[in-house]
Structures are given as structure tokens and as C-alpha cells.
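J.: My questions will all concern the structure given below.
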């Protein structure tokens, strides 16, 4: 029907236009190379075609039926998320290094063993420091006895002050010597710097170790995990300590609830971003350092929003965004109507509708590409 109307109207237009420009036909204008006349005929034809299309849009309404899926939109809470990728880490993940060079005379732990802070993990041969300590302690005891006697005499006004001060100085010097040797001897004992698990042991008992050599073992505490990442500069006013974050671990298929615990104070000039740390609970000890995590940070909330599936929103030739709603619904059938809307933010495959759509309106959610305005809908 549409093609017949267009062809008939075009014939009329061509005949009518043929009488212009001195009653010259299109063929005559071409033959005479009359550019102005051809341009006038072209403009006239284009104007008539536009009128025809507008008339057909109103008159030639489709009467076909379509099977679609629908839903009723409601006011709901809409959260918009910033999706970024980060890396799981922990502050308590270190290689334990010996503080003293010598032979490893004792190794009391193995990989996978849980340890507590301060627990002895091994010992290094002290190279005679313990004997030096015993000698220094004897000298201190002698110096202390001498001082105590000299003090008793001085309290009774017997002896000279210089003797008393010399005895005191010798005692203090001996005491400091003992403390210094004890500090040296303590370096031969390897202790756990924090509670955690021995992840790997790199040495064997009897091996010679040194502070500059390879570490003795790795200790990890999985109870204080966090995710570190960088965020675009534009979000600097939207993130603060305590902001809730959804942390998704693809390797585990699990989502954890975390909170921002630190916000960086420096903007990287190379990529205009700043760093954040998100604390993550690890009740099952499934998190591991260097795991890849996907963070969803809420940066916008609308508690009374109208949202629709993003894929139902279409755009016409004039750039207007629209959706199809159902008019005259009886629960099973209705009529399609084009509804122009203004959209807001999108998140999780849904889009916020800022204006143009009211709550409790029935919208078409499936089959939107196969319908047009005025079409009968079955659902």
C-alpha cells in the first residue's frame, strides 16, 4: 500500500514539475543542461517526499500483532557503582632475615605451621658470645659488690668521695657491657615478628646464614587483608574512609563486603589518579596476596528512582531516547506507545530514568525491536 501511494504521488509531482521552467520536461532540462531548472525540480520533489513520509507515518499504522514480555516499573533504590580492578595484599607478609651470621643450629618450624608473635623459630650459633656474657656478668657482680661496700663506707663518712665515684662508674660500665652483649646474643635467636603462618622455609638446619643472604622463611598473616588500587581524580570528593565497597574475587566466585580504610593524599600526574586501600574480611582464609579483585564502589544513590533494563532504551532519528509502554492493558493484551525519556546513570544492566516515565507504568522488556507505535501487543 505504502509503495503504491508513493509511486502515484511521485507521478503527479513529476507531471506537475514538468510544466515549470517554460513547460520543459526533465529530459528537456537535461538535454539543454539547465542546471537551475534541475535544482528547482529536485527541491520540489524532496519537499513532496517528506510530506508523503509524514502522511504515511500517520495513515499507514501497522495493525500487526506481536508477542512481548512486559513489566511494571516501581520506585526503587538505585545505586551507581564505580567498577575498578585492584590487587589483594597484606601488610604482614615478609621474609624473615637473620640478624647474625653463623651456622643455623636450630630450626623449630616447618611450612604450614601457625606461629605466635615472639615465638622462637630457630637459633644461630653465637660464636662464643654466651661465654663473653658470663664473663661480663661476673665482672658486673664484682663491680656492684665493690660499689655497695664503698657506698656503705661513704654513708658513714669513711673514705674519699673519689673512691665512691670510681666504684660507681665501674659498676655502671660493667652493667652497660652486660646489656650490650645480651643484645648481641638476642640477635642469634630468630623470633616471629607477628602471629601468622609459615608459608615457606628456604634453609635447613646446619646451613650457614647471614643477614645479606636469602631469607630464612616467609611468614604471612591472612587476618589483615586489604585491596589496593588507584581511582580517577574525578572521584576524589566521593570517596572517604569508611565508604562501603563490594569486593568480588573471580578466582573464588565470592563477594566480600569491605570498607575504604585509607585514601591517598597524592595525585599521580601521569594518569591523574590517587591510591586507596580497602580492608577485606577473610574469615575462611581464602584470600591470598596478589589475587585480582574487582571493586564496586557506590558513588551515587537515589532512594526513589525509576529504573528500566538498559537494553529496552532505543534512540530515534532525532536523537531522542525512548521506550515502549503499554496502553489499554487488560492483563493479557495492550497497545504499544512510544514514550520519550531522559536517562540518568547506568549500573548492573539497568538505567535510571530521570523524566518521562512514572511509577506503575507497564513497559515492554522483551521484543522491543519487533514492534512500533500503535501495534497490538500480546503478553
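J.: Given the conditions (1) modelled with pLDDT under 90; (2) under 35 Å from the mean Cα position of the chain (by Cα); (3) farther than 30 Å from residue 89 by Cβ, which single one is not true for residue 301?
T.: Checking residue 301 against (1) modelled with pLDDT under 90; (2) under 35 Å from the mean Cα position of the chain (by Cα); (3) farther than 30 Å from residue 89 by Cβ, the one that fails is (3).
J.: Say whether the condition of being touching a residue at least 60 places away in the same chain (Cβ under 8 Å) and within 13 Å of the chain's Cα centre (by Cα) is met by at least one residue in the stretch 252-260. Walk me through how you get there before you give the answer.
T.: Residues of the stretch 252-260 that are touching a residue at least 60 places away in the same chain (Cβ under 8 Å), as a first pass: none.
No, there is no match, as no residue in the stretch 252-260 is touching a residue at least 60 places away in the same chain (Cβ under 8 Å) and within 13 Å of the chain's Cα centre (by Cα).
J.: Let me ask something additional. Of all residues being modelled with pLDDT of 90 or more and not in a strand (DSSP E or B) in the stretch 69-91, which is nearest to residue 312 (Cα to Cα)? Just the residue, please.
T.: Checked the stretch 69-91; the qualifying residue nearest to residue 312 (Cα to Cα) is 73.
J.: If you don't mind, another one. Does any residue of the stretch 17-27 turn out to be on the phi > 0 side of the Ramachandran plot and either under 57 Å from the mean Cα position of the chain (by Cα) or at pLDDT below 50 (or both)?
T.: Of all residues in the stretch 17-27, those on the phi > 0 side of the Ramachandran plot come to 21-23.
Next, from what is left, pick out any that are either under 57 Å from the mean Cα position of the chain (by Cα) or at pLDDT below 50 (or both): 21-22.
Yes.
J.: Looking only at the stretch 326-355, count every residue that is assigned to a loop (DSSP other than H, G, I, E, B) and surrounded by fewer than 17 Cβ atoms within 10 Å (Cβ to Cβ) and tell me the total. Walk me through how you get there before you give the answer.
T.: Taking the stretch 326-355 as the starting set, the residues that turn out to be assigned to a loop (DSSP other than H, G, I, E, B) are 328-332, 341, 348-349.
Add one more test, that the residue is surrounded by fewer than 17 Cβ atoms within 10 Å (Cβ to Cβ), and what stays is 328-332, 348-349.
Summing the residues that are assigned to a loop (DSSP other than H, G, I, E, B) and surrounded by fewer than 17 Cβ atoms within 10 Å (Cβ to Cβ) in the stretch 326-355 gives 7.
J.: Show the residue pairs meeting these rules: Cβ distance below 6 Å; 6+ apart or different chains; first residue within the stretch 150-168 and assigned by TED's automatic domain parsing to the domain that holds residue 140 and at pLDDT 85 or above; second residue surrounded by fewer than 10 Cβ atoms within 10 Å (Cβ to Cβ) and part of a helix (DSSP H, G or I).
T.: Cβ pairs passing all conditions: none.
J.: Oh, and also: If only one of 311, 270, 290 is over 21 Å from the mean Cα position of the chain (by Cα) and not in a strand (DSSP E or B), which one is it? Working first, answer last.
T.: Working: 270 fails: over 21 Å from the mean Cα position of the chain (by Cα); 290 fails: over 21 Å from the mean Cα position of the chain (by Cα).
Testing whether each residue is over 21 Å from the mean Cα position of the chain (by Cα) and not in a strand (DSSP E or B) leaves just 311.
J.: Testing residue 94 on (1) under 30 Å from residue 336 (Cα atoms); (2) surrounded by 11 or more Cβ atoms within 10 Å (Cβ to Cβ); (3) modelled with pLDDT of 85 or more, one condition comes back false. Which one is that?
T.: Every listed condition holds for residue 94 apart from (1).
The values are calculated or read from the model by the stated rules, or taken from the named source; none is laboratory data. Since this is a predicted model, take the numbers as computed values, not measurements. Positions of Cβ are generated from backbone atoms using ideal geometry, with glycine treated the same way; all protein chains shown enter the neighbour counts.
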